[in-house]
Amino acid sequence: MPRMKVAANLLWVVLSILGALALAHVVGVLNPGEKVNGLWLVVAAACIYVLAYRFYGRWLARQVVGLNNQHVTPAVRLNDGVNFHPTNKVVLFGHHFAAIAGAGPLLGPVLAAQFGFVPGFLWLVIGAVLAGAVQDFIILVASMRRNGRSLPEIAHDELGSITGTATAVAVLFIVVVALAGLGFAVVNALYHNAWGTFTIAMTIPIGLIMGFYLQKFRPGTVAEASILGVVLLVAAVLLGRVVAQSSYGSLFEFDKPALVLLLAGYGFLASVLPGWMLLVPRGYLSTFMKLGVVFLLGLGVILMAPTIEMPRVTSFANGGGPIIPGTLFPFLFITIACGAISGFHSLVSSGTTPKMIEQESQAVVGYAAMLLESFVGVMALIAASVLIPGDYLAINTTLGTETLSAMGFAPSRIAELSQMVEVDVSGRPGGAVSLAVGMASIFAALPGMSGLMAYWYQFALVFEALFILTTIDTGTRVARYLIQEMAGRVYAPFRQINWMPGVLLSSGLVVGGWSYLIGTGSISTIWPMFGAANQLLGTLALCIGTTVLIKMWKSPYLWVTALPMLFVGVITLTGCYEMFWMFLKKAATLSAGQAFALYLDAILVSAVAILGLIVLSDSVWQWYGYVVLKKPFRSSEVVVMAGGGTAGRMQTVLCQHDDEHRRFKLPHGTGCC
């Protein structure tokens with residue numbers, strides 16, 4: 001045993017040294033005058049993630065929240081076989097990762113690459129370890145110990161109606177703006193791209209076939225449906241080229257307004273149709289693509305060790321960038337968004353996952369899955385940074401060659417790249433196209449793949465689009481539920497999730513909101529708004545997490561959530577302030593019709609800031625009362641101890657902490673703590 005311990009300690013020391021060496025190459029401490037090999041970014045990130053999970057993650061689990069397998073989880077105690085059900089820990093991890101890993105970690109780092117690859121890399125890694133993974137884990141534990149309640153419900157129970165209402169509004173806002181940002185990327189990737197449009201269109205009937213196959217034709221035959229879906233998807237990619245080059249190709253070439261309408265129609269149908277018919281099979285299909293492509297991309301980087309062409313820090317760090325116009329602080333942080341910390345994750349951590357955990361120790365999936373998503377963001381950053389900076393900007397902006405050359409970033413291979421992928425890739429902002437080109441470049445460099453870059457490009461686009469469309473159909477449905485819940489307070493039938501008038505009206509409002517933003521906005525306005533809204537929700541989640549720690553009698557550890565909350569809150573408020581004046585300044589130079597959208601954007605970002613200030617001020621006031629003034633408080637935490645026997649025949653002992661010294665009060669109507 002001592003030898004095993006020595007070997008383990010030696011392993012951690014070696015990983016620490018290797019990670020430090022790789023990080024020194026990345027930031028330029030070693031060989032500052034040379035271009036960086038992409039492999040160093042992979043090694044540095046991997047070492048940091050492993051060390052963070054082993055030490056910081058374990059410390060959070062044991063010391064801060066005190067995970068205890070003697071606590072009976074809601075999945076066991078409330079098992080109904082539908083919403084609450086114990087799940088194998090491997091399957092649980094796969095579900096949670098698939099649910100949180102949308103398109104944000106793919107597109108955000110790509111857009112933020114305009115500032116240089118080092119700032120984005122550092123925020124992806126450090127932000128995930130100290131902020132994003134902490135938020136996901138703490139909220140997951142909080143929900144698990146509150147019978148799987150959602151974030152708005154926890155906020156209402158623990159902080160009152162003010163913060164609870166602000167959280168519900170923020171959740172609705174972030175979902176609508178997020179769908180606009182992601183939908184914008186799809187539209188720019190598919191306009192006048194018959195190959196890509198045909199392939200993406202075919203994923204809808206493929207999803208329907210899988211849905212009916214599993215639900216009606218061959219229930220329970222998951223392996224058969226999986227093989228069928230993957231085979232049909234590959235066939236759609238290969239057939240797409242034939243269709244695009246045939247006389248039918250023009251049928252799949254659409255301009256941007258038409259694509260917005262088609263996307264809105266898809267989102268509406270996906271929200272209204274039963275989940276088993278389209279939502280679930282498409283999400284299942286996208287999981288195969290997510291894991292498979294990320295594995296291939298990582299393998300390509302390891303085998304080919306591509307050179308990073310993007311500078312460590314560009315001149316756009318001081319502002320004036322052609323993609324994101326603001327300065328590095330705060331716009332780098334709100335642009336990267338999901339890859340480092342995502343408020344959207346708190347919805348998943350307080351949604352399905354806490355209802356599936358069999359033992360409390362399995363809650364560490366919240367910390368681990370966020371680290372894996374951050375690694376996806378690092379891979380996306382590498383894929384974008386291997387492009388020559390001028391080509392990267394030519395793809396992500398509509399600026400001409402002369403303008404980019406005057407900035408010092410002359411396009412070099414843009415015509416060659418367009419020829420190789422058989423699509424004009426210039427002037428397609430949003431991040432999706434440049435990511436697909438970068439990924440295709442890495443894949444095509446593998447042995448025997450040099451002549452298949454066009455296929456790899458369309459395959460990468462399908463990969464991204466499946467990420468995005470899965471988020472769009474899921475997000476539209478989530479926003480529909482929120483509207484029905486809030487409208488139900490005014491008119492009771494709206495609370496019935498399947499009441500068709502309410503379904504149609506709420507779905508129409510959500511789809512109309514995000515499609516309007518796509519049609520009237522640009523990536524330089526939509527994506528920063530999405531980032532600000534997402535970071536606001538992250539701030540709210542960390543704020544709620546801080547309150548949860550106070551009510552767990554963990555005040556000495558409040559810095560775990562309070563410090564990242566403070567940093568992310570400052571980022572959000574600063575970004576909202578700068579965007580507000582940026583929108584107003586730009587609107588003043590346009591006609592009344594064109595300026596309306598920018599004035600609306602200014603109103604939305606100011607609403608984000610106001611929501612953030614309301615929640616923070618209300619929470620700080622309550623913390624002062626609990627921690628300093630020692631005021632009594634109520635907690636909605638539910639802890640049921642196992643009294644013996646097997647998990648299937650558990651006897652439970654209800655434990656009530658009513659120590660008058662702590663002045664702790666149970667909420668009304670509860671019988672356990």
message: Leaving out ligands, DNA and RNA, and with a 1.4 Å probe, what % of the accessible surface on the chain is carbon or sulfur?
response: 67
query: Given DSSP loops and a limit of at most 12 other Cβ atoms within 10 Å, what is the longest stretch of the chain that contains no such GluC sites (Glu not before Pro)?
result: 35-659
- prompt: Quick one: if the Förster radius is 56 Å, what FRET efficiency do Leu600 and Gln419 give, using the C-beta to C-beta distance and rounding to 0.05?
  reply: 0.85
statement: Ordering Thr307, Thr470 by the accessible surface of their heavy atoms, 1.4 Å probe, largest first, yields Thr307, Thr470
query: According to the square roots a ≥ b ≥ c of the eigenvalues of the Cα gyration tensor, what is the shape class of the chain, taking rounded for a/c under 1.5, prolate for a/b larger than b/c otherwise, and oblate for the remainder?
result: rounded
- prompt: Using modelled amide H (1.01 Å from N, peptide plane; none on Pro or chain starts), what sits under 5 Å from the amide H of Met641, excluding residues fewer than 5 places away?
  reply: Val72, Val653, Cys655
- request: Please report how many Lys pairs in the chain have alpha carbons closer than 20 angstrom, counting only residues at least 8 apart along the chain or sitting on separate chains.
  value: 10
field: Area accessible to solvent at Asp255, 1.4 Å probe radius, in Å²
entry: 80
message: Please list, by residue number, every one of the trypsin sites (Lys or Arg not before Pro) in region 34-132 that is coil in DSSP and has at most 15 other beta-carbon atoms within 10 Å.
response: Lys35
- prompt: Mind listing the phi-derived Karplus ³J(HN,Hα) values for region 187-193, rounded to whole Hz, using 6.51, -1.76 and 1.60 with θ = phi - 60°, and x for any glycine or proline?
  reply: 4, 5, 7, 9, 5, 6, 10
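Relative contact order for the chain: what is it in percent, counting Cα pairs under 8 Å that are at least 6 residues apart?
Dividing the mean separation by the residue count of the chain yields 23 percent.
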message: Which residue, Gly160, Val313, Ile126, has the largest displacement toward the positive end of the dipole of the chain when charges sit on each Cβ (Lys, Arg +1; Asp, Glu -1)?
response: Gly160
statement: Spelling it out for Gly400: with amide H atoms placed in the peptide plane at 1.01 Å from N, the residues 5 or more places away or on another chain with amide H under 5 Å from its amide H are none
- line: Residues whose modelled amide H sits under 5 Å from the amide H of Leu387, counting only those 5 or more places away in sequence or on another chain, are Glu309
- prompt: Based on Cβ point charges of +1 for Lys and Arg and -1 for Asp and Glu, what charge dipole magnitude is obtained for the chain about its Cα centre, in debye rounded to the nearest 20?
  reply: 1600
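How many Å² of accessible area per residue for region 324-461, probe 1.4 Å?
With the other protein chains kept in place, region 324-461 gives 27 Å² per residue.
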- request: Determine the per residue accessible area of region 26-92 with all protein chains present and a 1.4 angstrom probe, expressed in square angstrom.
  value: 51
task: Would you be so kind as to identify which of Leu629, Pro281, Ala103 lies farthest towards the positive end of the dipole of the chain, taking Lys and Arg as +1 and Asp and Glu as -1 on Cβ and the Cα centre as origin?
output: Leu629
query: Against the longest alpha carbon principal axis of the chain, how many degrees, from 0 to 90 and to the nearest 10, is the axis of helix 432-444 turned?
result: 80
message: Could you tell me how far the Cα centroid of region 164-198 sits from the Cα centroid of region 547-609, in Å?
response: 19
- prompt: Using DSSP loop states and a limit of at most 14 other Cβ atoms within 10 Å to flag chymotrypsin sites (Phe, Trp or Tyr not before Pro), what is the longest stretch of the chain containing no flagged site?
  reply: 1-247
query: When DSSP assigns beta bridges and you keep just the ones with both residues in the chain, what percent turn out antiparallel, to the nearest 5?
result: 60
field: For region 137-226, size of Cβ-based charge dipole, Lys and Arg +1, Asp and Glu -1, in debye
entry: 200
message: Using only the alpha-carbon atoms, how far is helix 2-27 inclined from the longest principal axis of the chain? Give it as 0 to 90 degrees, nearest 10.
response: 40
statement: Nearest 10, in degrees from 0 to 90: the angle of helix 559-587 to the longest Cα principal axis of the chain is 40
query: Is region 154-263 best put as rounded, prolate or oblate by its Cα gyration tensor, with a ≥ b ≥ c the root eigenvalues, rounded for a/c under 1.5, and otherwise prolate when a/b is larger than b/c, oblate when not?
result: oblate
field: Ranking by accessible area, most exposed first, for Leu92, Leu446, Leu509 with a 1.4 Å probe
entry: Leu509, Leu446, Leu92
message: For a quick check of understanding: with a 1.4 angstrom probe and all protein chains in place, what accessible area in square angstrom does Ser16 have, to the nearest ten?
response: 60
query: For the chain, with the dipole built from +1 on Lys and Arg beta-carbon atoms and -1 on Asp and Glu ones, taken about the Cα centre, which of Val365, Ala194, Ile209 lies farthest toward the positive end?
result: Val365
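The values are calculated or read from the model by the stated rules, or taken from the named source; none is laboratory data. What you see is a predicted model, and the numbers here were worked out from it, not measured in a lab. For neighbour counting, all protein chains shown are included, and Cβ atoms are generated from backbone atoms with ideal geometry for every residue, glycine included. Heavy atoms of the whole protein, side chains included, go into the accessibility calculation; ligands, DNA and RNA do not. Shrake-Rupley method; radii C 1.70, N 1.55, O 1.52, S 1.80 Å.
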